[in-house]
Amino acid sequence: MTDPARDSILNGIRAALRRGPLPAETRAALDRGLAAPAPAVVPAIARGSRAALVARFVVNAEAAAATVARVAPAAVGPAVAAYLRDHNQPTRVAVAADARLDGLADSGLLTVERRGTPAGDDAVGVGHALAGLAETGTLLMASGPDSPSTLNMLPDTHIVVVRARDVVGGLEDGWARLRTAHPDGPPRTVHFITGPSRTGDIEQTLQLGAHGPRRLHIVLVDDDPDAPAA
Amino acid sequence: MHVTSRQFKDNARGAVADANLRQSLATMKTGFRAKRGVAVAALPEFEALREAGKAMKDHTLAHLDHYLERFEEKVTASGGHVHWAPDADAACRTVLDICRRHNARLVTKGKSMVAEEIELNAFLQKNGIEPVETDLGEYIIQLRHELPSHIIAPAIHVRKDQVADSFRDTHTQFPADRPLEEPRDLLDEARTVLRDRFLTADVGITGANMLIAETGSTVIVTNEGNGDLTQLLPRVHIVVTSIDKVVPTLEDSSIVLRLLARSATGQPMSTYTTFSTGPRRPEDPDGPEHFHVVLLDNGRSRMLGTQVQDVLRCIRCAACINHCPIYGAVGGHAYGSVYPGPIGSVLTPGLASLEEAANLPNASTLCGRCEAVCPMKIPLPRMLRHWREEEFARHLVPARARWGLRLWAFTARRPALYRFGTGLAARALRLLGGRRGRLARLPLAGGWTRVRDLPVPEPGGTFMARYKRRETH
Ligand code: SF4
């Protein structure tokens, strides 16, 4: 495989650094670093007790203009319906195929329009997060058969269910969750979502609802006895 | 890269006289600058993160060939393709080839400074492919046929009534008398128009804030969500990026993520941080079927091992631009490069040439604010000085200025002559200034006095003469 452009760039780098190709032992040492990534600086906001992390997740998500409802495991469907009703939104929803969302319409308050990828004009999408990051109130969404990425972006209203047990401290804990769930490397699209979409491009005035969802609602399922709802 | 920096002085003069521009630029103080200040103050580890960021990127640059090779391997292993582009022309051709292979006519684009650098839009258009910018700011300047004037707020120089004018001219499908006074109206209209483009585009092109060697992922950091719709909906996703964007691991990317949004907009985390790895998997319900990464060099490798290597640590947060008094006075277009402000004045001579970028290294007061706020601790003033020295050494400085400096150096090395000369000059200036105590015009210094008066020296002699008198008290 010879690619003159590739060779010219790589050799250009080596010439500028005044060296030839790296010796085998240096390369091996660099590869060991890639195989065992070490965290650098983990801020204090990414650490704390279970209860503190879940509480911080809520505060930070709300600071980023998301709304959060803490509910008991059996109350997810009604909580979604209540949110939609309160915001004058349709109760027909596109729902990710994730089995944890199977009972969503059991209460009869919601109509499931479809499971899986949303159509361009579906108004409401409901998905399930892999984790929540307390550090910044961020949702970690990993694509896959159960979790279409377009569901995070197309509907006007994005509702995400996240379990309290899946709320972790910071980015490093997020990587750990991701590596456990996907040992062979990340799935196609990993979204870190912090609040609804926004722009400041017109006279630096912040406006929510740019190209992505106008609203982000988080349904936090209280399934962690170490982090009870207040 | 199209650079018109030689006209900096004329451009700057025009910009300073432009009241609209001044009004737009004034928002930076209450906007970006204030918000950054709050966000940085709220994170006690910010300084430690800056140090970690610098160390991580220095290590990466010292082993750049290895990390790029590993990145390529991982992209290939996940089903994508890496294309190496030594210069802008090669990068544009590569993108065009991919578009042609997929019979693309309509291309949506997320915001990418590298795409601006290589002037990709003009190239695609010339070859019969329609590129549509989807970042709101980029969309506005595309309609106005302008270059970005800021690296994260490309339309910062445009007022909302000007946006409304462009929309009325372009979006003729809507009633002519619709209200477009409020930013909300403008945003909603752009959202409607672009939603349709997202759904019909054949290819989506984004940039990348980082490349991860460990996983072969490309990363974009955005607020609008346009970069995500751009890459998720069409069949083909092309990432146009440059070799300096690689970091070793996901853990290393955390350092950059914690610095970037805080330094840019003052957010702890931008709304969307997206890691894209290869095309959609066979079992995936959505996502692009093809994934290409175009890796641009365009002069970057040449900067390694030189006095300006450190600029390759840049994460394009724009903090240096937002805090620059010169940028604040003249705005982005005056610089004549898609990269304005302190980062642009250091980068442009390296990417293009010092000849083309002439004037930029001098478009700074060397006040040092840029270095103080730079999250990657890039010594921008030192590098501006380096380019100035190069300009002098390469005889790019005008003859009169060179002679002036020589004359100054000659006298400065002869203290008696220097004291005599400055004493004489001080007296002459006082004489010229008369009662007013200010000079509106001065021979040989017309460039300086054109925009301001020179106060005449105080009576009592030169600083050195007065200092001496004080000493003997
Ligand atoms: S030079 Fe520093 S402050 Fe300026 S854009 Fe780059 S990283 Fe940000």
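For the stretch A:48-221, the solvent-accessible area with a 1.4 angstrom probe is 33 square angstrom per residue. Inter-chain Cβ neighbour count for B:274-281, averaged per residue, equals 6 (cutoff 10 Å, partner chain atoms only).
Between B:A26 and B:A412, the FRET efficiency estimated from the beta carbon spacing at R0 = 56 angstrom works out to 0.90. Ranked from largest to smallest solvent-accessible area, with a 1.4 Å probe on the protein heavy atoms, B:D284, A:D31 come out as A:D31, B:D284. Working note: 222 nm ellipticity from helices only, DSSP H runs with n ≥ 4, each -39,500 (n - 2.57), summed and divided by the residues of chain B, gives -14500 deg cm²/dmol to the nearest 500.
Each Lys and Arg Cβ is given +1 and each Asp and Glu Cβ -1; about its Cα centre, chain A then shows a dipole of about 560 debye.
Counting Cβ atoms of other protein chains within 10 Å of each residue's Cβ and taking the mean over peptide B:222-235 gives 6. Compute the acute angle (0 to 90°) between the alpha-carbon long axis of helix B:46-62 and the principal axis of greatest extent of the alpha-carbon atoms of chain B; round to the nearest 10°. With both axes taken from Cα atoms, the answer is about 80 degrees. Put simply, the convex hull of the Cα atoms in chain A casts, on average, a shadow of 17.8 nm². Per-residue surface analysis assigns A:T117 an accessible area of about 50 Å², computed on protein heavy atoms at 1.4 Å probe radius. Where does helix B:183-200 land angle-wise versus the long Cα axis of chain B, in degrees 0 to 90, nearest 10? Its long axis makes an angle of about 50 degrees. To put it simply, the accessible area of chain A at a 1.4 Å probe is 54 percent carbon and sulfur.
Given a 1.4 Å probe and the protein chains as shown, B:R101 ends up with an accessible area of around 150 Å². Just to be sure I understand: with springs between alpha-carbon atoms less than 10 Å apart, which residue in A:L17, A:L171, A:L133 has the highest mean-square fluctuation in the Gaussian network model of chain A? Maximum fluctuation in the GNM of chain A, among the listed residues, is at A:L17.
Helices in chain A, meaning DSSP H runs of at least 4 residues, each add -39500 (n - 2.57). Divided by all residues, the mean residue ellipticity at 222 nm is -8500 deg cm²/dmol.
In terms of overall dimensions, chain B has a Cα radius of gyration and Dmax of 25.5, 89 angstrom. The calculated FRET efficiency for B:R100 paired with B:A62, based on their beta-carbon distance and R0 = 41 Å, is about 0.60. The stretch A:168-230 and the stretch A:1-66 have Cα centres spaced 20 Å apart.
Note on the protein assembly as shown: along the principal axes its Cα atoms extend 95, 64, 60 Å, ordered by decreasing extent. Average accessible surface for chain B: 42 Å² per residue, computed with a 1.4 Å probe over protein heavy atoms with every protein chain in place. Surface composition of the stretch B:43-300: carbon and sulfur atoms hold 49% of the protein heavy-atom accessible area at a 1.4 Å probe. Summarising the label geometry, the points placed 7 Å from Cα in the beta-carbon direction at A:R177 and B:D161 lie 4.9 nm from one another. Within the straight-line cut-off of under 26 Å between alpha carbons, the lysines reachable from B:K109 are B:K74, B:K126, B:K160, B:K245, sequence neighbours fewer than 8 places apart in one chain being disregarded. The B-A contact accounts for roughly 7100 square angstrom of buried accessible surface, both chains included, probe 1.4 angstrom. Our note on the geometry: Cα centres of the stretch A:109-132 and the stretch B:203-241, 23 Å apart. Does anyone have the angle between helix B:415-433 and the longest principal axis of chain B? Alpha-carbon axes, 0 to 90°, nearest 10? The helix B:415-433 is inclined about 90 degrees to chain B. Listed by chain and number, the lysines whose C-alpha is less than 16 Å from the C-alpha of B:K377, apart from same-chain residues fewer than 8 away, are B:K54, B:K57.
Note on B:K9: aspartates and glutamates with a C-alpha under 16 Å away, same-chain residues under 8 apart excluded, are B:D18, B:E355, B:E356. Taking 20 Å as the cut-off, the amide N atoms of the stretch B:209-225 that come nearer than this to a point 7 Å along the Cα-to-beta-carbon line of A:T26 belong to B:213-214. For B:D10, B:D18, the ranking by accessible surface with the largest value first comes to B:D10, B:D18, using a 1.4 Å probe. With a Förster radius of 22 Å applied to the C-beta separation of B:E389 and B:F420, the computed FRET efficiency comes to 0.15. Stretching B:A399 away from B:T449 to a fully extended chain increases their span by 16.0 nm, per 0.36 nm per residue minus the current alpha-carbon distance.
Look at the stretch A:152-164: the mean tally of other chain Cβ atoms within 10 Å of its residues' Cβ atoms is 2.
The values are calculated or read from the model by the stated rules, or taken from the named source; none is laboratory data. Since we're looking at a predicted model, the values are computed, not measured. As a convention, Cβ positions derive from the backbone with ideal geometry for all residues, glycine included, and neighbour counts pool all protein chains shown. To get the accessible areas, we keep the full protein, side chains included, count just its heavy atoms, and leave off ligands, DNA and RNA. Shrake-Rupley method; radii C 1.70, N 1.55, O 1.52, S 1.80 Å.
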